[in-house]
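Read the figures in this text as sums done on the coordinates, not as results from a lab. On a predicted model such as this, the values are computed, not experimentally measured, just so you know. Methodologically, a virtual Cβ is constructed for each residue, glycine included, from the backbone with ideal geometry; neighbour enumeration extends over all protein chains shown.
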């Protein structure tokens, strides 16, 4: 009898463990278009769900919210304290001509406008568009988290911008504008202008204020944008943890909004983020829904910056990763490889499939599903997290019995370049800017270097030259550096 | 296109590309100077970028970097140059001699941000390299520095505690962190976790060992008394199927939804089945409610001990302890 209870308890624990990783997000009905603005009909007693879909002026792409308690177009309605916070930018459209911005307000504020300009002084003085100041309307969403707390967030997409240009912006509505923030557009597609991006991941828990400290380092490293390899929070449906993620400070006068309001943060879904409505509603990425992709098409996406192509994948749904996501990946990388403007290809996802003796084993089924596609299209570097360590693989190309084949290796573990193509892909695990550190080993044949340290990565792309620098987030001292030039 | 329009377009193009071409070398000069740990040259180059390409992506970067340099300009940027040189030294070259020498340099720096940041960098290296007392001394100097921010002071306190723990004084490390009130943070949690694991492991081993030994002894007694009939009664097909399903169900779910967790659930499943099988046959040898209740209670403890060990081994508890 007792044993039966224990068995049931274990089964229940398994349900809880697995259930915790469920999305908390109502599945999008793939069979038809999203409902029009406003609340959708619902059963008595069930939470009211609403979606809002529209094409932001001048953007040429449509935006659909996840199903939330309320969603709608900007209205000039203001709550008792309408000031904007948790301000962060990203790209849902072309990086050289657009940006998206998300922010939070009190629950009563529905105004979701952006004023923007290249003229900071004109913008500071403006209460609306006119002259050098332009305006864009966004949308708002109200959602409830696991603790039934309501949060009002806003999102706006600004398009038709000039490449490599700094834009200043303010958020809110007439009489209630935020302070002035700024962000910059990418160089023109294919331009060989040098740029820098940062990579971080697994901030969940924010131990030692490592998330905020890493963001200060990213700002000081002059990153043009940042890739995040998942697990921003411990529990994706807990809004208080997302609040901490968007507002963490380092205890020395820096808060992450100082970086994220200007430097686009491009994220992938981690197993802890669980593609929760909190994650989807508070971020804006390209919504190119492919087959049964979830999260209104934001589950996986890609974007270009200068001469590089970036692919952001979700590796948390095994029913999708080997089927529709793999098909999309093949199509996306084929197009990137055929694009003469693309000289570099980088992939980011959460679970590593090359990692050595750490807490999580290498995900071999993911490796079987994706590596051949990466190989076929000559992906340069793959960034992952999940194991809270730093690890760099040797260049890898091909599989033999499910194991990665080590490719020709040049100086300091970099791939050898032949005819402009690298001999293999380098797989990086760079995570732990807040999550508990794990152990790691260099004893695996595929591992080139590994350290149990909280690190942030900066990648400098200068035409056909690549330099990857890994630093300890807490001390800013160098942990690893490597790179190569494609002829 | 008319000649006038074409010349206008050409002039515009020259203006745009010309300013970009001018700023590009300045930016590259600035970055090269930073790589060469020459902050004075970097400052001059960033000033050029900011002046030449106002309103550009690079100008925004230049402003950020100039602010950063201004906040670290004590000693006419010489201390910053030392710190930059140290930070870009490859990890394997930051030996105990190199770190000790830099620690000496740091204590001679004028007060300011650079000294605080330098201490954080060198103390962490000294700790990594096993120079525990020296690391602790640098962390303590950081705590006495009025310019160290709240985060840096917390980092220094954690550093002292880590030095104590690495030296074998784990309790002293925890006491140190608790000295100024309720402690928190990654180091404290990690130290507590280590202590909890160390203290709990013998109890878990004892519970599991006692249960296995007792149930084996009782099971053998039951088999001796009842022979194969006792085993058949304990492991009736229906009961065995239910046990297998209860144990295997989560493992199957894990294998389907999260292959990475399958090993953990399989270990739990195998352990649970063994403990359950032992318990059910041992139960045949126990008469009376009190005896069965005691065996059941021990079975519960054994299952918990098993789960504790499996989840610790898999890393599944590290975020929750």
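Here are the numbers for this structure:
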read-out	value
Relative pair counts by distance (%), Cα atoms of the protein assembly as shown, 20 Å bins	15, 44, 32, 8, 1, 0
Average beta-carbon neighbours from other chains, 10 Å sphere, peptide A:286-298	0
Mean shadow area of the range B:31-143 over all directions, Cα convex hull, nm²	7.3 nm²
Likely footprinting exposure, A:327, B:84, B:109, A:141, fewest C-beta neighbours within 10 Å first	A:327, B:109, B:84, A:141
Span per principal axis, largest first, for the Cα atoms of chain B (Å)	106, 66, 35
Taking N as its residue count, the alpha carbon Rg of the range B:256-296 over 2.2 N^0.38 Å	1.66
Highest average packing first - B:205-215, A:418-428, Cβ atoms within 10 Å	A:418-428, B:205-215
Rounded, prolate or oblate (a/c below 1.5 giving rounded, otherwise prolate when a/b exceeds b/c) for the range A:401-470 by Cα gyration tensor	oblate
Order of A:399, B:306 - criterion: other Cβ atoms within 10 Å of each residue's Cβ, fewest first	A:399, B:306
Average other protein chain Cβ within 10 Å of Cβ, residues A:466-479	5
Square roots of 5 times each gyration tensor eigenvalue, C-alpha, the range A:319-470, largest first, Å	23, 19, 15
Burial ordering of B:145, A:193, fewest other beta-carbon atoms within 10 Å first	B:145, A:193
Enclosed volume per residue, in Å³, of the convex hull spanned by Cα atoms of the range A:173-274	139 Å³
Cα-Cα P(r), the range B:199-314, percent of pairs per 10 Å interval	14, 39, 33, 13, 1
CD proxy at 222 nm, helix term only [per DSSP H run n ≥ 4: -39500 (n - 2.57); per residue of the protein assembly as shown; nearest 500]	-14000 deg cm²/dmol
Sorted peptide list for A:384-394, A:328-338, criterion being average Cβ within 10 angstrom, highest first	A:384-394, A:328-338
Per-pair calculated FRET efficiency, R0 = 22 Å: residue B:293 and residue B:238 via Cβ, rounded to 0.05	0.35
Using distinct alpha-carbon pairs, which all enter the 1/r mean, Kirkwood radius of the range A:219-323 in Å	14.9 Å
Per-residue mean of C-beta atoms belonging to partner chains within 10 Å, peptide A:246-253	3
Along each principal axis, Cα extent of the range B:77-183, largest first, Å	39, 29, 18
Compactness of the range A:195-485 - radius of gyration and Dmax, Cα, Å	17.4, 52
Normalised per residue, the volume of the convex hull around the Cα set of the range B:147-261 (Å³)	182 Å³
